[in-house]
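Comments concern the structure below.
Readers should treat all values here as calculations from the given coordinates under stated rules, not as data from a laboratory. The structure presented is a predicted model; accordingly, all values stated were derived computationally and were not measured. Counting neighbours? That spans all protein chains shown, and the Cβs are built from the backbone with ideal geometry, glycine included.
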Amino acid sequence: MIKINKKEPGFYSDYIAKIKPRTWFDVSKEIGNQSREYMLDNEQHNQCAYTGKNIRQDNSHIDHFTKQEFIKQGLAATTLFDWDNLLASCNSEFYGAKFKDKNITYDDYKNLINPVVDNPSDFFEYSFTGMIIPQNNNLKALKTIELFNLNDYELIKERKAIAMQVKSIYNQFDIDEIVEIIGKFEGFIRHIYKDLVEMN
């Protein structure tokens, strides 16, 4: 997970103001695709908002961080079309947005890291084994790991392989170059890089 700085594009705000859709399904496929492409290119560095996996248009979707169901019930102080509540996520059923949506209750949100509002690096530590570890057993970190299943075996395995990759090149490139070379799991890479520099 990385901090995501949102900036609503004009094409999206103009479309919502003009069309006035009532449900998310009323938003045209063209605007949905254009919005996702904008998020990936300009806000998320082509990474899943939650897992950090590299994603593209063809293997991702737009997630409502606060579920549409809770917005429709009037529980949330946001709207279906609030740009800050829209994030691009991977399509896995086992982790990320789809896993969250199957398991979350509205009360869980008070103990969930929102990468648009919070800086995930303030809550997580990472191990060279690929595990995400809550800093000081922080409740928000624990709940976020649980509800997005961030320590799924597949994610741990991928992060462990990246830790080995970072270890082999960290003294040849600066951190921004390494993030660009690897192109995924940016939060994990930045933490591992910092640990390696401090150890040597």
| query | Counting Lys and Arg as +1 and Asp and Glu as -1, each charge on the Cβ, what is the dipole of the chain about the Cα centre in debye, to the nearest 20? | reply | 400
| message | If the elastic network links every pair of Cα atoms under 10 Å, which of GLU125, GLU37, GLU69 fluctuates the most in the Gaussian network model of the chain? | response | GLU69
| said: Spelling out what I want: for every residue of the range 73-80, take phi, set θ = phi - 60°, compute 6.51 cos²θ - 1.76 cosθ + 1.60 (Karplus), and round to whole Hz; glycine and proline get x. | reply: 7, x, 7, 10, 8, 8, 10, 4
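Going by C-beta contacts inside 10 Å, put LYS6, LYS100 in order with the fewest on the left. Intermediate values should be presented prior to the final figure.
Details: LYS6 17, LYS100 21.
So the residues, fewest neighbours to most, are LYS6, LYS100.
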| message | Under a crude label model (7 Å from the Cα following the beta-carbon direction), how far is GLN73 from ASP122 in nanometres? | response | 2.8
| task | Would you kindly derive the ³J(HN,Hα) couplings of the range 29-40 from the backbone phi angles with the Karplus curve 6.51 cos²θ - 1.76 cosθ + 1.60 (θ = phi - 60°), listing them in order in whole Hz, with x for Gly and Pro? | result | 4, 4, 5, x, 5, 5, 5, 5, 4, 4, 4, 5
| Virtual spin-label span in nm between PHE25 and THR105, 7 Å along Cα→Cβ | 2.8
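If R₀ is 41 angstrom, what is the calculated FRET efficiency for the pair ALA17 and GLU180, using the beta carbon separation as r and rounding to 0.05? Before the final figure, lay out each step's value.
On the way: r = 36 Å, r/R0 = 0.88.
About 0.70, to the nearest 0.05.
Hey, with R₀ at 22 Å, roughly what FRET efficiency would GLN57 and ILE169 work out to, going by the Cβ-Cβ distance, to 0.05?
Working: r = 29 Å, r/R0 = 1.32.
The calculated FRET efficiency here is 0.15.
Restricting to DSSP H runs of at least four residues, report the calculated mean residue ellipticity at 222 nm for the chain, -39500 (n - 2.57) per run over all residues, nearest 500 deg cm²/dmol. All intermediate terms of the calculation are to be shown ahead of the outcome.
Working: 8 runs with 80 residues, N = 200.
Value at 222 nm, helices only: -11500 deg cm²/dmol.
Which chymotrypsin sites (Phe, Trp or Tyr not before Pro) in the range 93-200 sit in a loop by DSSP (not H, G, I, E or B) and have at most 13 other Cβ atoms within 10 Å of their own Cβ?
Numbers: sites: PHE94, TYR95, PHE99, TYR106, TYR109, PHE123, PHE124, TYR126, PHE128, PHE148, TYR153, TYR170, PHE173, PHE185, PHE188, TYR193; in loops: PHE94, TYR95, PHE123, PHE128, PHE148, TYR170, PHE173, PHE185.
Loop-located and lightly packed - PHE94.
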| remark: Sorted by chain and then number, the residues having a modelled amide H within less than 5 Å of the amide H of TYR126, at least 5 places away or on another chain, are ILE133
| request: Could you run the Karplus curve 6.51 cos²θ - 1.76 cosθ + 1.60 with θ = phi - 60° over the range 56-63 and give me ³J(HN,Hα) per residue in whole Hz, x for Gly and Pro? | output: 10, 4, 7, 9, 8, 8, 8, 9
